[in-house]
Amino acid sequence: MTLQIYNSLSRAKETFVPLHPGRVTMYVCGPTVYDDAHLGHGKTYVNFDIVVRYLRYLGYDVLYVQNITDVGHLLDSGQDRMLKGAQREHVHPMQLAEEYTYRYFRDMDRLNVGRPSISPRASGHIPEMIAWVQQLLASGHAYEVNGSVYFDVRSFEGYGKLSGRRTDEAMSGTRVQVLDEKRDAADFALWKRADPEHIMRWPSPWGEGFPGWHIECTVMATKYLGQPFDIHGGGLDNKFPHHECEIAQAEAATGHPFARYWLHNGMLMISGEEMHKSAGNFVTLAQALDEWEPLVIRTFILQGHYRNPLDLTHEALLAAQKGWGRLMDVVRLVRHRLPTAPAGDVSSDLAARLEEARRAFEASMDDDLNSAGALAAMFDLTRDVNTLLNASAPLSQTDLQAIDALYGRLLGDVLGIMPATLEVEAHVGLSDGLIRLLVDTRSSLRQARQWAAADAIRDGLQALGVQLKDGPDGTTWTVQ
RNA sequence: GGCGACGUAGCCAAGUGGCAAGGCAGAGGUCUGCAAAACCUUCACCAUCGGUUCGAAUCCGAUCGUCGCCUCCA
């Protein structure tokens, strides 16, 4: 069984074979840190986190680079997003970058998204970008006008191979105001002259200015990963023009291919519409993570396929919450039984069932990272494990350990939706002791058939977010 | 206008030629002192119309609808 991934460049699923055996080099376009991350960022970076995690599960040594854009990403108005954000908050642009970079990682940490191996900042790579632009000028793929440098799209015949777009089409009816100084409307900026009020500026051979948006990814990806490198990921909305431009700059300058596999993930929708500030359906990740258990949001994202758009509704999140709870409950119960379970070997039936689940999980993941199918395999397993846990013959300690280990590996390490410790284990200390005391008291009351008092304790704890579940081997509880 | 994606149960969502995964909700049942949880059973004319094929949700064409991109986007 081998990993197949859909390559946007070939528009087909391909068997994934890294350039160097055992090693994978991967780049994903990171955020522009001028504002809080929103739910859409959550989907994108969870989607690519899964790619990294699964590659590591398969045994690859993954070098994962994700940039931080802190310069050169312009608004419609031509204003730099960073400068606009800095004005809004009355801070220096680099202060803004620092603050939102911090918040970005804070939110991603909560979503259990693994940190990239390297998080290079655009503003820290200006000399490399200038060198790259010089190389493009020297090879005739770029031209300078009034202190700005543009990429000559007509000089690179491969332009459009990723997005399937020709340069001479669709120029009417767009929002572009064509700059007079460009030779062709499709040409894009590599370096821009800074107006006097533009405070993010660096000296260059063409005067003071700042880099174009696309150049940073080309430069930083190749600097840390080489050229070509294995995987380039990003949101579908960046396929054109951003990724198309990255390819043009990279391949025109060096003559080598840029990225070998291009992965694009589908956009997050809110009740049927793409999230936009202007649409009034903008939800920051921090808000969502306060309202919902972060791993529930993650589970919701993983119940769809990364390449498809995903429609977020309150109902859908509730469904994910219930489903996630089921998965966590079975692990909780397994761990609860563990200390008192009889010794013994793993039963062959159980071993076979666990192996079947692992195979089904891998088969789905191997098929273009189908996390929804992988989750389905775990739900199927969960039903059977619950049946075994309900059966009169108790599972042995080794049985329970084997189950726990598989969930930890697949739901914990690969999908990242299981915390290392579940609530019951996490709440050691006074509150845990108090709950235990109440539960024990209630057990005594139940033995004395004092139902009303026993139910009062159960209802009272329920109101505090502690749910009791009576089972044949005692009472377990979960904390909301 | 150009390019592209999608339309699967009440909701979310896999599945891209061989009897339609999974989660949630609903109905009935088992278990329980009562619950909860769990388990069992049940719940789909795959947008429409044509075509190709022994066989189509899946391939082709048309229609309707939704959405995205077209130099701001994760």
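The values are calculated or read from the model by the stated rules, or taken from the named source; none is laboratory data. This is a predicted model, so every value here is computed, not measured. Because the Cβ atoms are built from the backbone with ideal geometry, glycine has one as well, and the counts that use them run over all protein chains shown. Protein only, heavy atoms only, side chains kept; ligands, DNA and RNA dropped before computing areas. Shrake-Rupley method; radii C 1.70, N 1.55, O 1.52, S 1.80 Å.
Just one of the numbered conditions (1) outside the structural domain of A:HIS214 (by TED's automatic domain parsing); (2) touching a helix residue (DSSP H, G or I) at 6+ places or on another chain (Cβ under 6 Å); (3) more than 10 Å from RNA strand B (Cβ to nearest atom) is not true of A:ALA253: (1). Only one entry of A:LEU19, A:LEU74, A:LEU55 meets the criterion of being crowded, with 16+ Cβ neighbours inside 10 Å and modelled with pLDDT of 90 or more, and that entry is A:LEU55. Hey, any hits in region A:199-222 for a residue that's at pLDDT below 90, open to solvent by 10 Å² or more (accessible area, probe 1.4 Å), outside any helix (DSSP H, G or I) and more than 14 Å from RNA strand B (Cβ to nearest atom)? Yes, region A:199-222 has at least one match. Taking residues in region A:341-352 that are of a type in the set (A, V, I, L, M, F, W, C), and partners anywhere that are assigned to a loop (DSSP other than H, G, I, E, B), the pairs with Cβ atoms closer than 8 Å and at least 6 places apart or on different chains are A:ALA341/A:PRO394; A:ALA341/A:LEU395; A:ALA341/A:SER396; A:ALA343/A:SER396; A:VAL346/A:SER396; A:LEU350/A:LEU395.
Take A:ALA320 and tell me if it is within 7 Å of RNA strand B (Cβ to nearest atom), free of Cβ contacts under 8 Å to residues at least 24 places away in the same chain and in a helix (DSSP H, G or I). So A:ALA320 does not fit the description; no. In summary, A:THR299 fulfils each of the numbered conditions (1) among the polar types (S, T, N, Q); (2) within 9 Å of RNA strand B (Cβ to nearest atom); (3) modelled with pLDDT under 90 with the single exception of condition (3).
Comparison of A:VAL17, A:VAL24, A:VAL52, A:VAL65 shows that the only residue that is more than 14 Å from RNA strand B (Cβ to nearest atom) and in a loop (DSSP other than H, G, I, E, B) is A:VAL17. Assess whether A:ILE435 counts as being β-branched (Val, Ile, Thr), open to solvent by less than 70 Å² (accessible area, probe 1.4 Å) and either under 30 Å from A:ALA351 (Cα atoms) or away from RNA strand B (no atom under 12 Å from the Cβ) (or both). Taking the combined requirement at face value, the residue satisfies it.
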